[in-house]
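Please treat every number below as a calculation from the coordinates, not as lab data. Small disclaimer: the values here were computed from a predicted structure and weren't measured. Using ideal geometry, Cβ is built from the backbone for each residue, glycine included, and neighbour counts are taken over all protein chains shown.
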Amino acid sequence: MIGENIRYLRKMKGYSQEQLARKLKIKQASISLWESGKTNPETRFLSDLASIFDVPVDFFFSEEPRRDLDSISIRRAAIPVRCPTPSCSDKKL
């Protein structure tokens with residue numbers, strides 16, 4: 001499940017295994033092992049992966065990643081953006 005979700009997100013972002021490995025400063029073989037389900041990433045890598053893919057860590061344990069990703073996107077879109085300073089109140093963000 002974890003590996004399938006990593007593969008899903010990696011492909012959604014358009015990263016190769018090698019590109020993702022470089023971002024994590026690990027070998028491409030580790031990504032391959034995770035995605036094939038032969039091993040799971042260490043906890044420290046789950047946090048890094050969540051940051052790279054902009055998802056919560058619990059996403060990797062989801063049995064329905066596409067549905068959960070849609071839910072995350074919808075929640076983020078619903079968050080109103082507020083102008084941080086009075087000078088931008090007439091500008092569109």
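Taking the Cα-to-Cβ direction at GLU4 and at ILE52 and moving 7 Å from each Cα, how far apart do the two end points lie in nm?
2.1
What ³J(HN,Hα) values, in whole Hz, does the Karplus curve 6.51 cos²θ - 1.76 cosθ + 1.60 give for the stretch 23-28 when θ = phi - 60°, with x put for Gly and Pro?
Listing the rounded values in order: 4, 8, 6, 9, 7, 4 Hz.
Starting from the Cα-Cα distance between ALA29 and GLU42, subtract it from 0.36 nm times their residue separation and give me the gain in nm to one decimal.
3.2 nm
Step through the residues of the stretch 50-56 one at a time and calculate ³J(HN,Hα) from phi using the Karplus curve (6.51 cos²θ - 1.76 cosθ + 1.60, θ = phi - 60°), rounding each to whole Hz and writing x for Gly and Pro.
4, 5, 4, 8, 6, 9, x
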